[in-house]
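**Q** Input: one structure, supplied below.
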Amino acid sequence: MNTLTRIVSARPRLIAVLAVVFVVVAGAFGGTVFERLDPFGFTDPDSESVIAEEELASASGEEPTPGVIALVEPGGQVESAAGRAAVADVVEAAEADPAVTRVVSVLDGPDPGIVSEDGETTYVSIFTSAGDDDATEQLVEELEPLPGVTLGGEDVTQMQIGEQVESDLRTAELMAFPLLALISFFVFRSLVASLLPLMVGGLAIVGSLFGLRLLVEATDISIFSVNLIIGLGLGLAIDYSLFIVSRYREEMAEHGAGVTALARTMRTAGRTVVFSSLTVAAALASLLIFPQLFLRSMGIGGTLVSLLAAAAALVVLPAVLLLLGERVNALSPRWMRRASDAEARHVEGGRWYRFSRWVMRRPGKIAIVTALLMVVAGLPFLRSEHRFADAQILPASLSAGAVDDTLRAEFNPRRFDAGVVAVDASKGDRAEVAEVARLAAAQRDAALVTPPVYVGDDVWRFDVQFAVDPNSDRGQELVEDLRDIRAPVPFSVAGTGAALADQKESLSAHLVIAVAILAVTTLVLLFLMTGSVVLPVKALIMNLLTVSVAFGILVLIFQDGRLEGLLGYDSLGALDISQPILLFVMIFGLSTDYGVFLLTRIKEARDAGAGERESVAIGLERTGRIVTFAAILFSIAIGAFVTSEIVFLKQVGLGTALGVLIDATIVRALLVPSLMALLGRWNWWSPRPLRRLHARFGITESPAQ
């Protein structure tokens, strides 16, 4: 920190100019990343269902499922001359596209399942060449103008998700930025100071998009990572700016504006930002071990933006503070200036000080009641259901969502959720393949098995329609029953139910490693900061309580279908299967972030000679307002995604905002002081070997170091 302060103080104007140049260059280059990002990426590429689909695609030369489904409503009976002509127009337009390999429609012959019960709606299934990523956009341009045609299907869903994410980002920004600017002015108590977090956030976001643009040349990245980068970048920028600016004002009140105040700020709040950013980055980096593109991309984007937010707060922000000097408090009403001066001069006995003293007079009761209430609030998560992301996450206002709703309402939904079986056998092994199909048809709840078809390269295919929802418990059991068949030739199962089963298995297998990484890095970082083994363990437990409460509330809202009108969504009766892991990592990391800020001020007061309970009261007094408003501002930044039209982005926005607010209020105001009071000096205990280790490599929280 001393070295960094010397570098910044030597060339503050140069650093400010370089930051502006960086924003211009990185913004121009990084702004092109959107068109290179992938929309989905929820599957494990090494799972059985994905490998089976790739095997079928390679053997047949076409995608195993129709990428585009054209819903045709001719305005009368499908079987009438006008109705068949409307279908023929769709078929002709699709077959004219060189990327289309096969078109299935009512014109191919009698198939009652392809026409709605009222006879006025049908659909055309369009298969495209394997690996042709540009086929869908061209098909949409060709088919969308046809009268009575609405387009859906897996590929259209992916395309519209990408477009919706960009639109949702603009909506979230338009909503969040004015609120953030207004509340920041109240929190920072100066118009000039309130603009600093936006500067830090802008640098972090632009830098992260620049980093994604470079990385996308080497690896696939999901477009959902951009949502995380913007929300998390703004939130962390506010946190780090508030920590540094508030500490700089304290030091400025005692030493005046300049290098001395900045150096003391960097040795305290600056060092806290380093630890905070490392805990958040380490938490999100644990997502990198998951093979799913969605989670891995979130890990990449979250790690990038958390480190870059810290870098901007530790390099550019100090340079700007030096250039501003006393003007950091400019454009501030007189009453705000008085409040800011009182806070900067450590006026004790404030509301947070008195409240913490009240809590510590009855620590046992408050700790037990608070913990029990949090446990009870988290219990609904024990009955959580999970499903795979598909077109149902889109609103009916988008064509893919409307097509999916119509297919499920007016046609047999099991037809589209069928299991796909790929059999490895030569063309002459027809009898063995038929035996596999016969055994599959004998399974309970296997409603219909299509005749096996040889697709090429010693691969056969047949489909198994489920008589139950493949996402249900029985549907998952049927997938296992099919895979457990003892057949004369090897085979593999894909499809909706198989994809969900594989996703559950993959996430469970990697979750243990991710949690271990998360726990170890948190314990190590907090030990280096505090020198205690008790405080890091307490932090882990409190973080788990915070996560459980957020999860419980999400189940009550999104799974049980509450607040649908207010939040603008239709409940799917389950949470997306990937979201709990993402939310766990984010809430855990952010909870540790606020814990670090509070513990550093408690430790600083204790190192300065305050008693056990007095140091806790001082720490809460000096951080209570800052942490509370940091959490509010962060929740606005990330919670703006509740406005998204995609339901699981609503879950991410609301879940993260809830976790942050719960941690910054209930945990920090009640659990932390009560448990600190109960344990007293045992809070700081560690074995003798670790004490020696901390004495050599750890930190003593004193600005005079």
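**Q** For segment 621-644 and segment 397-429, what is the separation of their Cα centres, given in Å?
**A** Using only Cα atoms, the two centres lie 43 Å from each other.
**Q** Skip the ligands, DNA and RNA, and give the accessible area per residue of segment 545-663 with a 1.4 Å probe, whole Å². Write out the running numbers ahead of the final one.
**A** Details: 2790 Å² over 119 residues.
Ligands and nucleic acids excluded, the figure is 23 Å² per residue.
**Q** Not counting ligands, DNA or RNA, and with a 1.4 Å probe, what is Phe42's accessible surface area in Å² rounded to the nearest 10?
**A** 10 Å²
**Q** Moving on. So if I take the centroid of the Cα atoms in segment 471-517 and the same for segment 85-124, what is the distance between those two points in Å?
**A** Centre-to-centre (Cα) distance: 33 Å.
**Q** Between Ser397 and Arg102, take the C-beta separation as r, use R0 = 25 Å, and let me know the FRET efficiency to the nearest 0.05. Before the final figure, lay out the partial values.
**A** Numbers: r = 30 Å, r/R0 = 1.21.
So, using R0 = 25 Å, E works out to roughly 0.25.
**Q** Further, regarding this structure: At Glu54 and Asp570, where each label point lies 7 Å from the Cα along Cα→Cβ, what is the point-to-point distance in nanometres?
**A** According to this spin-label approximation, the distance is 3.5 nm.
**Q** Per-residue accessible area for Ile289 at 1.4 Å probe radius, Å² rounded to 10?
**A** 50 Å²
**Q** Straight-line reach from Lys650: which aspartates and glutamates have Cα under 14 Å away, leaving out those fewer than 8 places along the same chain?
**A** Output for Lys650: Asp168, Glu564, Asp570, Asp576.
**Q** Moving on. Given the Cα-Cα distance of Arg334 and Val192 and 0.36 nm per residue of separation, how much length would full extension add, in nm?
**A** Taking Arg334 through Val192 to full extension adds about 49.7 nm, to one decimal.
**Q** At 1.4 Å probe size, with the rest of the protein present, what percent of the exposed accessible area of the chain is carbon and sulfur atoms?
**A** 60 percent
**Q** With +1 on each Lys and Arg Cβ and -1 on each Asp and Glu Cβ, and nothing else charged, work out how big the dipole of the chain is about its Cα centre, in Debye to the nearest 20.
**A** Roughly 7160 debye for the chain.
**Q** Based on the Cβ-Cβ distance of Val24 and Ala509, what FRET efficiency does E = 1/(1 + (r/R0)^6) give at R0 = 25 Å, to the nearest 0.05? Spell out each step's value before the answer.
**A** Values: r = 45 Å, r/R0 = 1.78.
The formula returns an efficiency of 0.05 here.
**Q** Val433: accessible area at probe 1.4 Å, nearest 10 Å²?
**A** The accessible area of Val433 comes to roughly 0 Å².
**Q** Going by alpha carbons, how many degrees (0 to 90, nearest 10) lie between the helix axis of 271-285 and the longest principal axis of the chain?
**A** 10 degrees
**Q** Can you show me the helix-derived [θ] at 222 nm for the chain, built from DSSP H runs with n ≥ 4 at -39,500 (n - 2.57) apiece and divided by the number of residues, rounded to the nearest 500.
**A** It lands at -20500 deg cm²/dmol.
**Q** Return the distance in nm (one decimal) between the two label points of a simple spin-label model at Arg444 and Arg354, each offset 7 Å from Cα along Cα→Cβ.
**A** 6.7 nm
**Q** Show me, for segment 361-376, the HN-Hα J-couplings you get by feeding each phi into the Karplus relation (A = 6.51, B = -1.76, C = 1.60, θ = phi - 60°), rounded to Hz, glycine and proline as x.
**A** With the stated coefficients, segment 361-376 comes to 7, 9, x, x, 4, 5, 4, 5, 5, 5, 4, 5, 4, 5, 5, 5 Hz.
**Q** Still on this model: Under 19 Å Cα to Cα from Lys603, which lysines show up? Leave out anything in the same chain fewer than 8 places away.
**A** Reachable lysines: Lys538.
**Q** Have a look at Val115, His694, Gly27 and report the one farthest towards the positive end of the charge dipole of the chain, computed about the Cα centre with Cβ charges (Lys/Arg +1, Asp/Glu -1).
**A** Working it through, the farthest residue towards the positive pole turns out to be His694.
**Q** Taking the 0 to 90 degree range and rounding to the nearest ten, how far is the long axis of helix 224-255 tilted relative to the main principal axis of the chain, both from C-alpha atoms?
**A** 0 degrees
**Q** Apply the Kirkwood formula to segment 599-705: the hydrodynamic radius equals the inverse of the mean of 1/r over all pairs of different alpha-carbon atoms; give it in Å with one decimal.
**A** 16.1 Å
**Q** On average, how much accessible surface per residue is there in segment 1-152, in Å², for a 1.4 Å probe, leaving out ligands, DNA and RNA?
**A** Numbers: 7600 Å² over 152 residues.
Each residue of segment 1-152 exposes 50 Å² on average to a 1.4 Å probe.
**Q** With each label point set 7 Å from Cα along the Cα-Cβ vector, what nm distance links Val453 and Asp134?
**A** For the pair Val453/Asp134, the computed spacing is 2.8 nm.
**Q** For segment 115-231, what is the relative contact order in percent, using Cα pairs closer than 8 Å and at least 6 residues apart in sequence?
**A** Rounded, it is 16 percent for segment 115-231.
The values are calculated or read from the model by the stated rules, or taken from the named source; none is laboratory data. Note that the coordinates shown come from a computational prediction; the quantities given were computed from them, not determined experimentally. A quick note on method: Cβ atoms are made from the backbone with ideal geometry, for glycine too, and the neighbour counts reach across all protein chains shown. Please note that ligands, DNA and RNA were not included when accessible areas were found on the heavy atoms of the full protein model with its side chains. Shrake-Rupley method; radii C 1.70, N 1.55, O 1.52, S 1.80 Å.
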